[in-house]
Amino acid sequence: MILEKKRLVIIDSNALIHRAFHALPPLTAPNRELVNAVYGFLLVFLKALKDLRPEYVAAAFDLPGPTFRKEIYKEYKAKRRKAPDELYAQIPIVKRILSSFNVPIFEKQGFEADDVIGTIAKSAQRRQIAPEIETLIVTGDLDALRLVDKNTRVYTLKKGFSDTVVYDEQLVKERYDGLAPEKLTDYRALRGDPSDNIPGVTGIGPKTATELLKKFGSLDNLYDSLESGEKSDSIPLRLKEKLIAYKEQALFSKALAEINTDVPIDFTLEQCRSKPLDKEKIVKIFQEFGFYSLIKRLPESRQAKLGDF
């Protein structure tokens, strides 16, 4: 007997809020409060529920304040502009709406939402019982592709808010010229990541980083080969000199890029189980913010759950 996998959907809340805020024009509620990011978030959230029909749902958030990465490297994300206060003001509204849908919220001081998401995804796999749990990460940020494996996929926006794509291992390989998801941290360690201000190896770009990982398999194997001389004769001398000169920087970059999947959060799969919705409560909140068109997207049944959209 083949048992169908049950789905756990993890919402990368901050990534969706940021994307919606910058993608949508200003939208105000009847009380003149700006709610464009909330509206865009809900467009993706409701579509994901309809497309994925999850048995379990969790939402992850960033918290204000420095993370452990900022503690060890003050320049981490230093080039990013601080988002406007109008964006941050909408986060509590999103949390309130998620609570009305009975979606538990997970966040941890000193860690990023990516770490929380990774911890939930890996914890769900470690604790699973038959049937298997399939995890889908709903995000507007491709950083989550590093978490893709045989049990974890990424549901993200391709264009606008209606064109979505689900990344599995094969699609990640197609996007990154043959690199598997588990190689993407080493890829960032070599080429760096300008958006997060991760240095990488100075002078190495995407193409060279990809070729090196295809040939040597991992950052550790690459440096083992450089030290032992095995297989490293094929590396041009100038590139070899760069790799040796910036070895510590590469290893440090990998530590910055690595997603922590052991964040100390109080997570159980059962607390994420889809519960009957209080439709009257949700409708009231939607009306409060002027989201009348979204009310039509709610299930008609009074006993509907998150998986019934």
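No lab work stands behind these numbers, since they all come straight from the coordinates. Remember, predicted model here, so these are calculated numbers, not experimental data. Ideal geometry is used to build each Cβ from the backbone, glycine not excepted, and the neighbour counts take in all protein chains shown.
Based on the Kirkwood radius over alpha-carbon pairs, what value in µm²/s does the Stokes-Einstein equation return for the translational diffusion coefficient of the chain at 20 °C and 1.002 mPa s?
Value of D from the Cα-based Kirkwood radius: 102 µm²/s.
Say a site is exposed when it is one of the trypsin sites (Lys or Arg not before Pro), sits in a DSSP loop, and has at most 13 other Cβ atoms within 10 Å; what is then the longest site-free stretch of the chain?
151-295
Check Ile137: other-chain or 5+ apart residues with amide H under 5 Å from its amide H, H built from backbone geometry?
Amide H neighbours of Ile137: Ile10, Arg153, Val154, Tyr155.
Counting only helical runs of four or more DSSP H residues, what would the 222 nm mean residue ellipticity of the chain come to if each run contributes -39,500 (n - 2.57) and the total is spread over all its residues?
Here the helix-only value at 222 nm equals -12500 deg cm²/dmol.
Could you go through segment 208-218 in sequence order and give the Karplus-derived ³J(HN,Hα) for each residue, using 6.51 cos²θ - 1.76 cosθ + 1.60 with θ = phi - 60°, rounded to whole Hz, and x for Gly and Pro?
Per residue, the Karplus-derived 3J(HN,Hα) values read 5, 4, 5, 4, 5, 6, 5, 7, 9, x, 7 Hz.
Give the average over all directions of the projected area of the C-alpha convex hull of segment 181-257, one decimal, in nm².
Average projection, Cα convex hull of segment 181-257: 4.5 nm².
Going from the alpha-carbon gyration tensor of segment 1-153, what semi-axes, largest first and in whole Å, does one get by taking the root of 5 times each eigenvalue?
After scaling each eigenvalue by five and taking roots: 28, 21, 12 Å.
Share of antiparallel DSSP beta bridges in the chain, in percent to the nearest 5?
Restricted to the chain, the bridges split so that about 35 percent are antiparallel.
Where is the GNM fluctuation largest for the chain (alpha-carbon springs, 10 angstrom cutoff): Thr164, Thr185, Thr139?
Thr164
Rounded to the nearest 20 debye, what is the charge dipole size of the chain about its Cα centre when +1 sits on each Lys and Arg Cβ and -1 on each Asp and Glu Cβ?
The dipole of the chain has a size of about 740 debye.
In sequence order, what are the phi-derived ³J(HN,Hα) couplings for segment 139-155 according to the Karplus relation 6.51 cos²θ - 1.76 cosθ + 1.60 with θ = phi - 60°, rounded to whole Hz, with x for glycine and proline?
8, x, 10, 7, 4, 5, 4, 5, 8, 5, 8, 5, 10, 10, 10, 10, 9
Regarding segment 4-54, what whole-number volume in Å³ per residue does the convex hull of its Cα atoms give?
80
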